[in-house]
Amino acid sequence: MNDSVELDRLVFHEVDQDRWPDFERLFESRGAPKFCWCMVWRATPDEAKHRDGASRKIAMARRVAADVPVGLLGYLDGEPVAWCSVAPRATYCRLAGHDSPDDGIWSIACFFVVRRLRGQGITRRLIRAAVEYARLSVIRQVIASWASCPPL
């Protein structure tokens, strides 16, 4: 397949209750981050005590059910193939501190692309989509940090 054609067919959607099954499907696929469910940076002190994948999945599901922004899914021909964790910085307890005020700053903290599509520029598309998504939420700034995951 032509890479540029694939990139043109990518569409992005916010993870919400309706898209939770797609998020779950992507994260439970082979090679996906099902061990952390993108909760490492988000976990409250109580949630951080439970380091297993199942507990982290439940914590993420609670946020989605409560309409807390958690990120975007990238779809290719209706299939979820990519993820970008983008949300208000205050929702990332380990970045902003627990009970941090919403200061209009959003953070990009994680990416995942299915193996067969890696190296084709999808992460750049995810970043653009994440910035646009945050911009629609009346933000002042988007910060993307490169860091290794803290110990699980």
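The values are calculated or read from the model by the stated rules, or taken from the named source; none is laboratory data. Predicted model only: the values in this text are computed from it and were never measured. Please note: Cβ atoms are built from the backbone with ideal geometry, for glycine as well, and neighbour counts cover all protein chains shown.
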Kindly indicate whether SER85 is of a type in the set (S, T, N, Q) and part of a helix (DSSP H, G or I).
no
Criterion first (exposed (fewer than 14 other Cβ atoms within 10 Å of the Cβ) and free of Cβ contacts under 8 Å to residues at least 60 places away in the same chain) does THR44 satisfy it?
yes
Among LEU136, LEU152, which is modelled with pLDDT under 90, loosely packed, with under 12 Cβ neighbours inside 10 Å and within 23 Å of ASP22 (Cβ to Cβ)?
LEU136
LEU72 passes all but one of the listed conditions (1) within 11 Å of the chain's Cα centre (by Cα); (2) farther than 21 Å from ILE127 by Cβ; the exception is number (2)
Pick from ARG25, ARG56: which is charged (D, E, K, R) and either more than 28 Å from ILE105 (Cα to Cα) or under 12 Å from the mean Cα position of the chain (by Cα) (or both)?
ARG25
Filter pass, LEU26 being in a helix (DSSP H, G or I), within 26 Å of ILE122 (Cα to Cα) and among the hydrophobic types (A, V, I, L, M, F, W, C)
yes
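Rundown of residues vs (1) of a type in the set (D, E, K, R); (2) touching a Phe, Trp or Tyr at 6+ places or on another chain (Cβ under 6 Å); (3) more than 22 Å from ARG115 (Cβ to Cβ), yes/no style:
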| position | (1), (2), (3) |
| --- | --- |
| ARG9 | yes, no, no |
| TRP20 | no, no, yes |
| CYS36 | no, no, no |
| ALA43 | no, no, yes |
| GLU79 | yes, no, no |
| ALA96 | no, no, yes |
